[in-house]
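Every read-out reported here was derived from the displayed coordinates using simple, explicitly stated rules and does not represent laboratory data. Since the model is a prediction, treat every value here as computed from it, not as a measurement. FYI the Cβ positions are ideal-geometry reconstructions off the backbone, even for glycines, and counts take in every protein chain you see.
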Amino acid sequence: MTEKLFADRFEAFDRNYPEIMERIAQAAERSGRRPEDITMLAATKTVPVEVINYAISKGLTCLGENRVQEFLDKYDRLDKSGCDLQFIGQLQTNKVKYLVGKVNCIQSVDSVKLAGEISRLCVRDGLTMDVLVEVNIGREENKGGVNPEHLVEFIEQIRVLPGIHVNGLMAIPPICGDKKILCRYFSAMKQYYVDIQGKSMDNVDMVCLSMGMSSDFSEAIECGATMVRVGSSLFGARL
Ligand SMILES: *Cc1c(COP(=O)(O)O)cnc(C)c1O
């Protein structure tokens, strides 16, 4: 029974994966970059571990989960050797302990308290965690992320913490059908990214600009994304 279920999902992945990589390559070229300059992170929330492992066997190397419990449920059964596992969801400070030593990057850092806890646990364990600062680019209430006007001040506060390394920025712009407006958000992110890089702050390297999902990754790349996070168009609609 389950075999049939997975067969459909394997097939969907086989269809979707090359097509997405092709669209990423085309968008990279339109923005004057090489396809390999863009990282495709597979957003695997709700995707069964069997399907994720199949995708890994087909060449997927960068994965992101956004719920701690789901990440832990899958972790032991994941064929993760050689994979870059990242955390992309909102994160409560008291759950950082479940991620340290298991993920390479936390993309959703938006408070000094959260960064402090990542730092504390990484120092304890002799590790360094890459973090992206999540920017609330649409200044939406009830959404994670640092407001743009506080971004530099925030990075100044967390970059001095031991055990973490600021590796870039992440954003989820407001849901919007108008690609022009979306591009304005993406371009604003790119500008912050470039401005911060220009400040040459110690322990801050703007090497990852994570933005763009299934519906808008081409636009995000054209505006400067170096990483896109793709879920449903890779694995099929979430059930
Ligand atoms: C689910 C998710 C994605 C992928 O969304 P799709 O629209 O399914 O591609 C990207 N980023 C984050 C933070 C997510 O939670």
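Taking label positions 7 Å along the Cα-Cβ direction at both N53 and R238, the computed distance is 2.3 nm, reported to one decimal. Among M170, M189, M201, sorting on how many other beta-carbon atoms sit within 10 Å of each Cβ, with the fewest leading, yields M201, M189, M170. Shown for the chain are the DSSP H helices of 18 Å or more along their axis, judged by Cα atoms, with a mean Kyte-Doolittle hydropathy of at least -1.0: 2-30, 112-125, 179-198. Neighbour counts of other Cβ atoms within 10 Å put I20, I155, I88 in the fewest-to-most order I20, I155, I88. Grab the Cα-Cα distance for S81 and K143, subtract it from 0.36 nm times how many residues apart they are, and report the gain in nm with one decimal. Length gained between S81 and K143: 19.0 nm. Binning the alpha carbon pair distances of the chain at 10 angstrom intervals from zero yields the distribution 7, 32, 37, 20, 3, 0, expressed in whole percent. Assuming charge only on the beta carbon of Lys and Arg (+1) and of Asp and Glu (-1), the dipole of the chain about its Cα centre is about 240 debye to the nearest 20. Subtracting the Cα-Cα distance of S215 and V160 from 0.36 nm times their residue separation leaves 16.2 nm of extension gain.
Working note: Karplus 6.51/-1.76/1.60 with θ = phi - 60° gives the range 35-47 the couplings x, 6, 7, 10, 9, 9, 8, 7, 7, 9, 4, 6, 7 Hz, where Gly and Pro are set to x.
Computed extension length for K180-D73: 34.6 nm, one decimal, from 0.36 nm per residue of separation with the Cα-Cα distance subtracted.
Counting only residues at least eight positions apart within a chain, or on another chain, the lysines with an alpha carbon under 19 Å from that of K180 are K190.
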